[in-house]
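Take a look at the structure below.
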Amino acid sequence: MSVTIHQVAAEAGVSPSTVSNVLNGRSDRMLPQTRERVEAAIARLGYRPNGPARQLRTGRSHVLGLVVPSVANPFWGTFARHLEAAALQAGYRVLLCNSERDPGRERGYLEELWADGVRGVVLCSSLPSLEHVLPLVDRGLTLVAFDRTAQAGDPPSLVNISVDNAVGAELATRHLLELGHRRLAFVSGSLRSVNRRARFSGFEAALERFGLTAEDAVVWSGGVGNTDTDDYGDLDFPELGRAAARELLGDGRPPTAIVAINDMCALGICAGARDAGVAVGTDLSVVGFDDIVLADLATPPLTTIRQPLPAMADAAFAHLRAGVEGRAERPNGGSLLLRPELVVRGSTGPAPQVEPDRPRQRRR
């Protein structure tokens with residue numbers, strides 16, 4: 001037979017309402033010793049709250065949603081782990097969905113989560129428009145847009161949480177320029193998402209600060225440029241990087257340094273360089289973005305831009321919890337922009353001695 005809240009109360013020597021306060025995160029209403037006694041009784045008896053009954057009683061579910069592009073990119077798996085850790089500590093659970101940045105799929109997941117009583121979701125697609133999910137926000141869904149800055153068409157209640165992608169890409173590009181590189185490439189796939197566009201703007205800003213024009217760089221996007229379709233999805237970033245390296249390094253005047261849209265793309269570029277017999281870190285410098293767990297394990301270790309994922313996950317959960325529990329301090333939403341950090345490793349080095357630059361045609 002399942003353990004009841006009354007049995008936990010008897011075991012701990014407290015009232016059922018005290019146990020309920022502990023289960024619902026209201027421990028400020030009791031002495032620390034009382035809370036510890038209740039938690040110990042819960043552990044000894046193996047008590048598990050009845051989810052549906054709890055939802056009927058409180059009017060809310062202690063389950064949150066997380067919609068990411070694809071956990072095939074370790075960045076999203078790491079973010080999910082940090083968000084889940086913050087949620088579990090407060091008595092919440094997290095349901096994970098992979099959307100491949102497909103608006104229809106995102107809308108479908110959010111509809112299902114809403115039907116199951118989930119009232120708070122973190123959405124990580126970074127698409128410029130969230131029109132496809134606005135009907136759910138109008139119904140009362142607390143939505144946090146992650147890795148995305150505020151856009152003109154956003155609803156007033158939306159919370160956006162992101163690293164400063166433009167600053168991150170500028171840090172990466174300046175690092176290469178300060179090493180003496182002047183023939184740089186930016187490898188991205190399409191620039192249809194908010195974060196990718198911001199990273200490209202940071203790349204351009206760094207070039208301008210060093211007196212270079214757009215014609216001094218190569219922009220490689222797999223042939224799709226700024227269109228709304230993407231030949232390379234999140235699953236394909238390593239192959240995107242490898243294909244870019246194959247083409248760029250086969251050029252008569254290849255770049256000496258490459259800024260990649262993310263770490264998975266950068267690792268693909270490194271693989272493509274090895275295929276071409278080019279030494280990463282000496283013949284070619286490569287910088288990624290995200291600082292996934294594989295970055296430090298690569299050969300050579302990858303120079304990259306680190307995102308403060310624990311702090312970002314904590315902030316996302318705090319906004320969700322405030323919304324679903326009706327404690328939102330900012331009923332009109334808000335934005336949080338965190339500063340990234342350059343992590344220098346072995347994939348970057350001084351520019352090799354080459355003949356003087358001459359302007360080249362920019363690619364898209």
Within the stretch 296-315, considering residues that are closer than 22 Å to R199 by Cβ and aliphatic (A, V, I, L, M), the one most open to solvent (accessible area, probe 1.4 Å): A311
Within the stretch 205-213, is even one residue at pLDDT below 85, under 19 Å from S129 (Cα atoms) and β-branched (V, I, T)? no
Can you spot a residue in the stretch 331-348 that is open to solvent by less than 80 Å² (accessible area, probe 1.4 Å), of a type in the set (K, R) and modelled with pLDDT under 95? no
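Residue-wise test of (1) open to solvent by 10 Å² or more (accessible area, probe 1.4 Å); (2) outside any helix (DSSP H, G or I); (3) touching a His at 6+ places or on another chain (Cβ under 6 Å).
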| residue | (1), (2), (3) |
| --- | --- |
| Q151 | yes, yes, no |
| D154 | yes, yes, no |
| A166 | yes, no, no |
| A169 | no, no, no |
| A172 | no, no, no |
| L176 | no, no, no |
| L191 | no, yes, no |
| R197 | yes, no, no |
| A205 | yes, no, no |
Restricted to the stretch 133-149 and to residues being in contact with a helix residue (DSSP H, G or I) (Cβ under 8 Å, 6 or more places away or on another chain) and of a type in the set (D, E, K, R), the residue most open to solvent (accessible area, probe 1.4 Å) is R139
Please go through the stretch 115-132 and pick out each residue that is open to solvent by less than 10 Å² (accessible area, probe 1.4 Å) and either of a type in the set (D, E) or not in a loop (DSSP other than H, G, I, E, B) (or both). G120, V121, V122, L123
Would you check which residues across the stretch 273-295 are over 15 Å from V343 (Cβ atoms), surrounded by 24 or more Cβ atoms within 10 Å (Cβ to Cβ) and not β-branched (V, I, T) and list them? A273, L284
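The values are calculated or read from the model by the stated rules, or taken from the named source; none is laboratory data. Keep in mind that this is a model prediction, so the values were computed, not measured. A quick note on method: Cβ atoms are made from the backbone with ideal geometry, for glycine too, and the neighbour counts reach across all protein chains shown. These area figures cover heavy atoms from the full protein model, side chains too; ligands, DNA and RNA do not enter into them. Shrake-Rupley method; radii C 1.70, N 1.55, O 1.52, S 1.80 Å.
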